[in-house]
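The values are calculated or read from the model by the stated rules, or taken from the named source; none is laboratory data. Quick caveat: nothing in here was measured; it's all calculated off a predicted structure. Quick reminder, even Gly has a Cβ in these numbers, built from the backbone with ideal geometry, and neighbours come from all protein chains shown.
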Amino acid sequence: MKSQEHDSRINTNCIKIFLIFLCSCFGYSLHAQQSDIKYLHFTRHNFLATNQVNCIAQDKKNFMWFATSNGIQRFDGNRWLWLAQQKNSTTSLPDNDVVALIEDKQERFWVQTSSGICLLNRNNFEFTSIKIARSPEHKVKVFQSLIELQDGRIWFTLAKGGIYYYDEAVKQFISADKIIPKSSYSIYQVVYDSSHHQYFLGTDKGIVIYNVLTKQFYHAGFNPQGIALLKTTYARESVMVLYLNASGQLWSSSASTHYCYNIEKNGIVFCDSTSKIWGALGYTTDRSGTTWSYGYNIAKMNLETGHMELIKQTPDELYGINFQNGNYMMEDNENTYWIATTDGVFIYNRFQQQFFQHPIKSYADSEVLKHINVWGFIELADSSIIALTTRGEGLYYFDKNLNQLPAKFDVTPYANAKSRVNIRCGLRDRANHLWVGCEHGPLLKLYPETRKVEKISDTVFADLSIYSMTEDKEGNLWFGTFEHVIIRRDVITGKFSRIVPMPEHFKGLDNIFCLFYDGDKYIWAATSKSGLLKINTHTNMVEKTYINDPGNNKSIPSSTINSVIQSSLNELTMSTPLGMVVMDIIKENFRVLNTADGLPDDNVSALLKGEKRNVWFSSDNGISKIKLEGMKVTSYGILEGLTNENFNFGAAIRLSDGRMLFGHSEGFTVFNPAKFSNENVPEEVRITGIKLFDKYLNVDSILSDKKGMVLNYSQNFLTIEFSNMSFLKRYHTLYSYQLEGVDKDWVINNGMHQVTYSYLPGGDYTFKVKCATRSGITYEKVTSFKIKIIPPVWRQWWFYALCIIAAASITYLFLNARYRRKIETEKVRSRIAKDLHDDMGSTLSTINILSEMAKKKIDTDIPTTKKFIHQISDNSNRIMESMDDIVWNIDTANDSMETLLSRMRAFAGSLLEARDITYNLKEDESIKNIKLELGRRHDFFMIFKEAINNLAKYSECKKVTIEILLKKNTLMLLITDDGKGFENNLQLDGNGLMNMQQRAAALKGVLKIQSKINEGTKVELKIPV
């Protein structure tokens, strides 16, 4: 079965647009107003194959399945898989118009299309069509419903009446006659009550009940058991919709009424005929017990009031809902609602949303104000709240439940030159008076009892813009301004004074963004250019300043501080454009936390202290929490209900009941940190995708194979995708993975749902993955599967063994041959040395004897002495020639046959030309390629030399022919002269001829000497090469 996939591994920005499962909670109770519901909307523009979605199902592995008019889609939270009809395929989807999906108790996956019913094998994504044995009377084949009943059977009904079930014995759908006898009713819907063994049938004549035990039909005209449902008038009307929930409540609708019948109590518990919400296609009951209807509208059934509450469609809202027809509605295992419509899929969760947006309405016309910019808050003694803004009327009032109240103070007379009341900060002092600081305007004092507004006209302010204020434990007020001035108001005298004397380098303070009092002695001032100031409230002096020094890495990292809080006894936490800065007050050292540490954005806007060492902060990417103990960051955004993520500097307050408010350009956001204190253990991680190079493989098939995944050596570029299948918590989950055989330890995959391994060598591997929440809660079970990459032939163990054996054999043969050559060379050298010793010894002895004899005869017999001297000379020449031959032969420069031929040519020429003997030396060209070992080369030359010497001395020839030939691996030496010759049958004596025979034998050759009187002599030597 072919599948087409949309690769939707989405980065953080795309996640915020598309893959966020919006939640909707019910205020601070469990009941939400309709306007609180925020929906995520999936359409064909973001991964759906079409906007027409007919059904949604979640299987036991937590995959989400969508039946659409353009095939089936599966969503694993990271990737969309699309299954569609394929041409010329018998195992693909029969047609693309998919109506319903069901996973039964046996984990079979049933698919109903407009043309039939089939089963999907999720291991290989192949479809098997199921035969339907249709009754002849059912000519209309349009399906009405596909359902698994409490009796464990799969049933379907037809639009014009007709009911079938799947018979496990014959593996096909058959008419329900064996279970529910034929009747005159046209059956559109069926449900089964297993507690009382009865089928409820929705028919053209109203509700009909068939009891399996009594084998009786009960209806409005036959009701001997007094069934309350059958006594109603609407039970007689045609019924197209029936729904039986787990509580035994039977929901249905007729042409005029929605009603609910409690089977166990035999009573009607809900009946609404006045809401006039028609066109219901079905009902669903969520885990809280609330029942919803879907169809032309979405409505909630209120059992207390007995009325339906219509979910208003809001086409003009960014996160609203709007559709022509609601085809299906279901709740997944995380309490998220999925609504299939003609206009895509809408998703929301009634529990997950913990952040609530509060717009601000104008007191003039009650219209919601845009771009209002809330810069601060004041909590009053009665827990009501004032929002401080730079637009409209300046001050806006809310009760403790954040319902907007009428205006209490009129500050509009104190508008600036642009007719705007720009209020940047405020506080309630211990006397219950309110102080409000304006931008380009005055300082105002408000009296709640009388609603009087007093303008402070002290010249110390000189029209300074007031950006921050705080109160010390003595009741003195401190004001931070826009123009590098800090002002103190004395609680006793009521006088205002500037902090003096100001050191020279403070003249460029610019904005004093925040003033924080530590509750004891110091006020910490956050400035826009001059870092952090430590002000002693006892001396009213700036005691120390912390400013960034580029040459000192121990200085404060940034001179721009947006806000500052005390996160623990000896610790300050600051927000800066570089991230969050944590300061140890005692050691005066700093640590920067930024996006590399898990912060969603470096530009942190406002800070609030939570429980223990938790700090909540806002940024351009929503609201986050950091546990300074362990530096664990959890970020929240639109997933948790934040529809505005651009927050103002310092605009935050923690209320007395623990709730937190953060101001932004559209109003403010409120939430209760306690709602986030109990995090659940994350779900088990599942392998959701395996990609080989750029092609996705069938994950289900691979994971179902105990052997794991087996690949050849060229298939070694893998991408593995994984998810804990939590669509709500997936962006708060950290994954750790390890490929045994590659990764030495667990690798944390921060925020990513995949890992890629490239060019894996052959071998056996095990991929493991586990997950934990960002706050450190770990799911201990490890998900794993095996990977085997078959190495190439040249990397198999047996190939290595063969190579080792071959190398050892070659080495042995080489060393053995080298050893033999060395032995042979030693033998040759020994023989040459012996020959040299014998020859030189005998010759020198002869020279010595002749010398002695010449010495004795020199005075008495001069002719004899001359003879002796000639003999001495001949012996000396011979020994010199022998020495020259040996030295030449053992010289490695003369190893080639070419040098040997040159030597032979030179010897023959010097000897024969001196005796006027004409010679002709012939040689084959191929001889030059022969290489003779040292000993053989020596013997060959000595045979040649002895033959030339003999013919020069004794043959009395005039002409000599010398031939050196190569025939069939045989080296031939032919020497022919035209001398006097000798008798061929004579015994050849003499050392010279004997040596020639011995050398020929050593060469494993044959030496022949042929001669006749007066016909010359022929010497022939043949040796193998």
For segment 788-827, the count of residues that are farther than 30 Å from LEU932 by Cα and surrounded by 10 or more Cβ atoms within 10 Å (Cβ to Cβ) equals 14
Only one residue in SER89, SER129 is touching a residue at least 12 places away in the same chain (Cβ under 8 Å), hydroxyl-bearing (Ser, Thr, Tyr) and in contact with a Lys or Arg (Cβ under 9 Å, 6 or more places away or on another chain). Which one? SER89
Single condition GLU963 does not satisfy, out of (1) out of contact with any Ser or Thr (no Cβ under 9 Å at 6 or more places or on another chain); (2) part of a strand (DSSP E or B); (3) of a type in the set (Asp, Glu): (1)
Say whether the condition of being under 20 Å from LYS534 (Cβ atoms), touching a helix residue (DSSP H, G or I) at 6+ places or on another chain (Cβ under 9 Å), part of a loop (DSSP other than H, G, I, E, B) and modelled with pLDDT under 90 is met by at least one residue in segment 481-496. yes
With among the charged types (D, E, K, R), surrounded by fewer than 21 Cβ atoms within 10 Å (Cβ to Cβ) and modelled with pLDDT under 95 as the only criterion, which of ARG428, ARG451 stands out? ARG451
Taking first residues from segment 545-566 that are in contact (Cβ under 8 Å) with a residue 60 or more places away in the chain and second residues anywhere that are of a type in the set (Ser, Thr, Tyr), the pairs with Cβ under 7 Å that are 6 or more apart or on different chains are ASN562/SER575; ASN562/THR576; ASN562/SER605; SER563/SER575
Is it the case that segment 132-144 has a residue that's surrounded by 14 or more Cβ atoms within 10 Å (Cβ to Cβ) and closer than 19 Å to GLY282 by Cα? yes
Considering only segment 387-406, state which residues are more than 47 Å from the chain's Cα centre (by Cα) and either in a loop (DSSP other than H, G, I, E, B) or modelled with pLDDT under 90 (or both). GLY392, GLU393, GLY394, ASP399, PRO406
Kindly evaluate ILE512 against the criterion of being surrounded by 13 or more Cβ atoms within 10 Å (Cβ to Cβ), touching a His at 6+ places or on another chain (Cβ under 8 Å) and of a type in the set (A, V, I, L, M). yes
Exactly one of ALA246, ALA255 is farther than 16 Å from VAL190 by Cβ, surrounded by fewer than 14 Cβ atoms within 10 Å (Cβ to Cβ), among the aliphatic types (A, V, I, L, M) and touching an Asp or Glu at 6+ places or on another chain (Cβ under 6 Å), and that residue is ALA255
Options ILE347, ILE321: the member that is under 38 Å from the mean Cα position of the chain (by Cα), in a strand (DSSP E or B) and of a type in the set (Val, Ile, Thr): ILE347
Residues located in segment 740-762, provided they are surrounded by 14 or more Cβ atoms within 10 Å (Cβ to Cβ) and of a type in the set (Gly, Ala, Ser): GLY741, GLY751, GLY762
When (1) within 18 Å of PHE156 (Cβ to Cβ); (2) assigned to a loop (DSSP other than H, G, I, E, B) are applied to VAL190, the one that fails is (2)
Of everything in segment 593-624 that's among the basic types (Lys, Arg) and modelled with pLDDT under 90, which residue is surrounded by the most Cβ atoms within 10 Å (Cβ to Cβ)? ARG613
Going by the structure shown, is GLY152 part of a loop (DSSP other than H, G, I, E, B) and touching a Ser or Thr at 6+ places or on another chain (Cβ under 7 Å)? no
Quick one: what pairs do we get from segment 1001-1016, first residue touching a residue at least 60 places away in the same chain (Cβ under 8 Å), second in a strand (DSSP E or B) and not acidic (Asp, Glu), C-beta under 6 Å, 6+ apart or different chains? LEU1003/ILE1023; LEU1007/LEU1021
Kindly indicate whether any position in segment 139-159 is over 28 Å from GLN198 (Cβ atoms) and modelled with pLDDT under 95. yes
Tally of residues being assigned to a loop (DSSP other than H, G, I, E, B), out of contact with any Gly (no Cβ under 9 Å at 6 or more places or on another chain) and among the hydrophobic types (A, V, I, L, M, F, W, C) across segment 220-258: 3
Elements of type strands (runs of 3 or more DSSP E) in segment 624-690, at least 3 residues being under 27 Å from TYR337 (Cα atoms): 632-636, 667-671
Which is in the same structural domain as LEU593 (by TED's automatic domain parsing) and farther than 20 Å from LYS609 by Cβ, of SER563, SER568, SER528, SER558? SER558
Are any of the residues in segment 950-961 out of contact with any strand residue (DSSP E or B) (no Cβ under 6 Å at 6 or more places or on another chain), small (Gly, Ala, Ser) and in the same structural domain as GLY981 (by TED's automatic domain parsing)? yes
Any idea which of (1) loosely packed, with under 14 Cβ neighbours inside 10 Å; (2) part of a loop (DSSP other than H, G, I, E, B); (3) not polar (S, T, N, Q) is the one ASP177 doesn't satisfy? (2)
Please work out which residue is surrounded by the most Cβ atoms within 10 Å (Cβ to Cβ), limiting yourself to segment 910-953 and to residues that are assigned to a strand (DSSP E or B) and not acidic (Asp, Glu). TYR919
(1) in a strand (DSSP E or B); (2) without any contact (Cβ under 8 Å) to a residue 60 or more places away in the chain; (3) crowded, with 16+ Cβ neighbours inside 10 Å: which one isn't true of ASN96, the others all being true? (1)
Take the conditions in contact with a Pro (Cβ under 7 Å, 6 or more places away or on another chain) and not in a strand (DSSP E or B) and apply them to ASN333. Does it pass? no
